[in-house]
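Reviewing the structure listed below.
The values are calculated or read from the model by the stated rules, or taken from the named source; none is laboratory data. Bear in mind the structure is a predicted one, so any value in this text is a computation, not a measurement. Here the Cβ positions follow ideal geometry from the backbone for every residue, glycine too, while neighbour counts run over all protein chains shown.
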Amino acid sequence: MPRRILIVEDEAPIREMLCFVLEQNGYEPMEAGDLEQAQNLLVDPYPDLVLLDWMLPQGSGLSLLKSMKRSDLTRQIPVIMLTAKGEEEDKVQGLEAGADDYLTKPFAPKELMARVKAVIRRVSPTSLDDIIQVQGLHLDPVSHRVVADDEPLNMGPTEFNLLHFFMTHPERVYSREQLLNHVWGTNVYVEDRTVDVHIRRLRKAIATQGYDKLIQTVRGSGYRFSTRIK
C-alpha cells in the first residue's frame, strides 16, 4: 500500500505540482487548501506524513502543527514545513514546535522527494524489535543490551530508553519537553532538567568508547544524536 501524504497548501498550482511529483514517486497525495480541510483529513486512516504550509487563509500552519503534537492520535505523524520564510529563527520555531524538517520555497522536486524519503526513513527506520547499529554501537531492544565495539555497556532503564529513541531518530534536534514526551510519556510529571541528568548518565555510560560525542548539545534548543561533526 502506498504511503499517504497530506498536502496542506492554499495555492492550487503548488498543490497540483506536489500531487504530481508525489504520484510519480509512488505516494498517495491528499489535498487540503486550509486549516479546516486539513483537520477533516487528519482522521483514521491517518496520513504517513504531512507537507504543511506556514501561511494559510485561516491562520498559521504552525497552529495546526502544535495541535497535532498535542494529540495522542496525530503526535507521531511526521511534518515537513513548506514556507517562504527562510529566517533561522523561523526554522527553529517550526522545529521546536515539532516539525521534522523545513523546506523553503521555491524548491526543486528532487529536493522535496529527498526530504520526504529521509523523514519517512528517519521516523520509521526499523521495527521495534530490530537491533539498531550506529557505527560500532549496537542496541538490542529485545534483550535490553547495549554493546560498543564488542564491549557490553551498563546503563539504567531510562538511559536505555533514551538511547533507543536517539538511535532511531538521528540527526534531529529535540527539546527537553519533546524528549520527556517521547521517552517518559505525557502522563508522567518530570521536571525538564531531569532530562539533563539522564543525558549526563547516558554519556557517561557510552563514554568509554568515545560514543558520548554522538549526543550533541544544541545551545538554546536541546539535544541531537548525530554522527556528523557539529
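Quick look at the values:
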quantity: Check on R224, among the basic types (K, R) and either in contact (Cβ under 8 Å) with a residue 60 or more places away in the chain or in a strand (DSSP E or B) (or both); calculated: yes
quantity: Test result for V146, outside the structural domain of R115 (by TED's automatic domain parsing) and crowded, with 18+ Cβ neighbours inside 10 Å; calculated: yes
quantity: Scope the stretch 167-191; condition in contact with a Leu (Cβ under 8 Å, 6 or more places away or on another chain) and either at pLDDT 90 or above or outside any loop (DSSP other than H, G, I, E, B) (or both); matching residues; calculated: M167, V173, L179, V183
quantity: Test: S221 is at pLDDT below 90, within 24 Å of L65 (Cβ to Cβ) and polar (S, T, N, Q); calculated: yes
